[in-house]
1. Could you give each residue of segment 148-158 its phi-based ³J(HN,Hα) in whole Hz, using Karplus coefficients 6.51, -1.76, 1.60 with θ = phi - 60°, and x for Gly or Pro?
2. In whole Hz, what ³J(HN,Hα) sequence does segment 135-147 give by Karplus (6.51, -1.76, 1.60; θ = phi - 60°), x for Gly and Pro?
3. Taking H placed 1.01 Å from N in the peptide plane, check which residues at least 5 places from Phe63 or on another chain put their amide H under 5 Å from its amide H.
4. Add -39500 (n - 2.57) for each DSSP H run of 4 or more in the chain, then divide by its residues: what number comes out at 222 nm, to the nearest 500 deg cm²/dmol?
5. Using each residue's phi in segment 86-95, evaluate 6.51 cos²θ - 1.76 cosθ + 1.60 at θ = phi - 60° and report the 3J(HN,Hα) Karplus result to the nearest Hz, with x for Gly and Pro.
6. Just how many % of Cα pairs in segment 1-122 lie over 25 Å apart, if you round to the nearest whole percent?
7. How tilted is helix 118-130 with respect to the longest principal axis of the chain? Cα atoms for both, answer in degrees (0 to 90, nearest 10).
8. If you filter segment 68-155 for trypsin sites (Lys or Arg not before Pro), then keep DSSP loop positions with at most 14 other Cβ within 10 Å, what is left?
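A short reminder: the numbers here are calculations on the coordinates, not readings from a lab. Every value quoted in this text rests on a predicted model; they were computed, and no experiment measured them. Cβ: placed from backbone, ideal geometry, glycine included. Neighbour counts: every protein chain shown.
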Amino acid sequence: MDQEITIDVSGVSGQRGPADHKRRQQILQAADEHFRLYGYRKTTLADIAKAINLSTPYLYKFFDSKQAIGEAICSHCLGTILTEVEQSIAATRSPVEKMRRVFIGLESRGWRLLNEQRKMHDLVSASFEEGWGSLDRFKEAVFQIIRRIVVQGRESGEFERKTPLEETCRTIARMTELFFHPTLLEQAGKSQEEEAVAAANVVIRSLTA
């Protein structure tokens, strides 16, 4: 990291000891730097401990495994994506445009992560492969954003009201995964912005039919 930040570990599995302990943040800071330089899979607990002059067993006072550290940092990384999406949709009042910006924002941030922060992309990839809780919380947050937009659109009369709300929103949320899933982005090998816009337009047409 270029500067120190506080990584919120609330709700993250595998945490031990006081959540706001200064030493926890030092460990997370060291882990974040190692993950960015060498990757999550190549970094060991011994590497993290050595970076801040601690013994490896001491880390277990705060985390029950390397994955617990990885989940905390992954949760923070995914949280920054959500923040950017929220800021983008807050800039418009139109539910139609908000929905479009969700698709575009998730694709854009996922593509940037792959190209500009490859090691962090690999960390997110590990969360998909191993089914981490940080990923589940991210997906649920995306669903809640979409649900909020659909409700707003229905209340304003811009979106239809016939289809079940939960079913509609869950389906749309699953569609967005096509544009932030790390493996799919790698396989595509190029920006999927046009595809994200096209998918958003299909969703919008179905909502306004």
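1. The phi angles translate into 4, 5, 5, 4, 4, x, 6, 5, 7, x, 7 Hz.
2. Calculated HN-Hα couplings, in order: 5, 4, 5, 5, 4, 5, 5, 4, 4, 5, 4, 5, 4 Hz.
3. Those qualifying (amide H under 5 Å, at least 5 residues apart or on another chain) are Arg16.
4. -23000 deg cm²/dmol
5. Along segment 86-95, the couplings run 4, 5, 5, 6, 6, 7, 9, 8, 6, x Hz.
6. 32 percent
7. The angle comes out near 80 degrees.
8. Arg93
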